[in-house]
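As structure tokens, the structure follows; a few thoughts come after it.
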Amino acid sequence: MTNVSVSIMEKLIVKYIIIKILSLNQLLLILKIKKMKTNLFFIKKSVKNSAMLKTVAVCMCILSSLMVANAQKSIGIDFAGVAYDNPGNWNLSTAEEPSITSLKELSGIVTSMGLKSIDYFCGYYVGAGTVGGDAEGFTPAVSGTYAFGNAVDFNGESIDTVRLELTGMDKDIEYNFDFYSSRKGVTDNRESLFILMGATTESVTVNSASNTTVVSSKVKPKSDGTIYLKVCAGPNNAHSNGFYYLNGMIITYDSNSAIGDVDASQACSLYPNPAKNMVTFNLAQSSSVNVYTLSGKIVMQKMLEAGETSLPLELSTGLYLVDIVGADNSIMTKRLLVE
């Protein structure tokens with residue numbers, strides 16, 4: 001289970017108590033329960049007032065939703081070569097549009113991270129990748145199609161190294177990269193090499209010939225929030241054209257941003273709060289706004305420009321959590337009460 005710091009819990013409790021206008025004695029009791037880190041049995045014995053028990057239960061729900069928000073997140077990129085209807089929330093990098101301005105997570109949440117193509121692959125094949133094995137984490141549409149490069153001329157084209165840049169990343173977070181590289185129906189050595197250049201340089205290789213194995217590597221971004229990815233033929237590649245491949249890539253990371261721990265320059269607000277049919281966001285920068293229920297279900301998702309933007313609300317009465325992800329990858333979480 002994800003660990004949640006005392007400061008985060010305090011912020012959550014205080015925010016909810018303000019909404020419910022609890023007395024000072026009730027506040028002290030909740031904080032006492034929190035600091036003693038007891039189980040639900042102790043809470044039931046200590047809280048005599050049924051309304052107070054309900055308040056504690058709601059605070060626990062908010063804490064649970066924070067755990068969901070701060071849990072491990074994943075971004076999938078499909079190097080499909082051509083646009084097609086890929087089920088799920090995979091990002092498509094194609095020959096026509098290799099760069100992606102705003103990558104979305106597999107959960108559907110849009111992030112401020114992007115993919116920039118510097119030198120792209122020579123071509124692609126649909127249905128020529130190996131499906132199954134360790135590739136089950138990748139959809140068949142992803143694992144079954146690959147993009148390829150070749151160090152030696154093939155059909156009038158060659159590219160020694162594909163270069164891609166990932167932007168808008170958190171320099172303090174370590175990102176895990178899972179690479180799936182497969183060309184079915186061949187048996188010679190077609191080793192592909194993946195080089196990640198961030199705060200450190202890491203690399204991993206795999207023989208892509210009829211491969212069913214996912215290979216992984218971890219790295220932190222540079223201080224400017226970027227990671228460069230180079231893809232090329234590995235040192236053991238024995239094909240005369242030096243073919244190398246990439247079907248898909250999954251980037252996994254933990255989001256540990258605390259509620260309210262955002263630089264003043266990234267300040268934002270929403271009003272009125274409580275709200276009824278309309279809510280207005282005042283943002284310091286372009287941001288992705290995601291609204292969640294206390295159970296962690298996303299009910300609204302918008303990309304908003306800096307400044308004031310009013311949005312209609314079609315939400316049931318209740319308390320919601322609002323994640324605001326800035327263009328610089330900063331995260332602020334607010335609560336929204338809908339009447």
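Here are a few things to note about the model shown:
- Among 210, 149, 199 the positive-end extreme of the charge dipole of the range 139-221 (Cβ point charges): 210
- Spherically averaged projected area in nm², based on the convex hull that wraps the Cα atoms of the range 168-249: 5.2 nm²
- A convex hull fitted to the Cα coordinates of the range 118-209 yields 125 cubic angstrom per residue.
- Surface accessible to a 1.4 Å probe, per residue, for the residues of the range 75-224, Å²: 43 Å²
- Surface share of carbon and sulfur [accessible, 1.4 angstrom probe, percent] for the range 143-182: 39 percent
- Computed accessible area, residue 309, all protein chains, 1.4 angstrom probe, square angstrom: 40 Å²
- Taking every Cα-Cα distance in the range 111-154 and sorting them into 5 Å bins from zero, the calculated P(r) comes out as 5, 18, 18, 17, 21, 16, 4, 1 percent.
- Percent carbon-and-sulfur accessible area, the range 185-339, ignoring ligands, DNA and RNA, probe 1.4 Å: 48 percent
- In this structure, the residue pairs whose Cα-Cα separation is over 27 Å, taken from 104/297; 73/184; 184/222; 104/276, are 73/184; 184/222; 104/276.
The values are calculated or read from the model by the stated rules, or taken from the named source; none is laboratory data. Every value quoted in this text rests on a predicted model; they were computed, and no experiment measured them. Cβ: placed from backbone, ideal geometry, glycine included. Neighbour counts: every protein chain shown. With ligands, DNA and RNA removed, areas are computed over all heavy atoms of the protein, side chains included. Shrake-Rupley method; radii C 1.70, N 1.55, O 1.52, S 1.80 Å.
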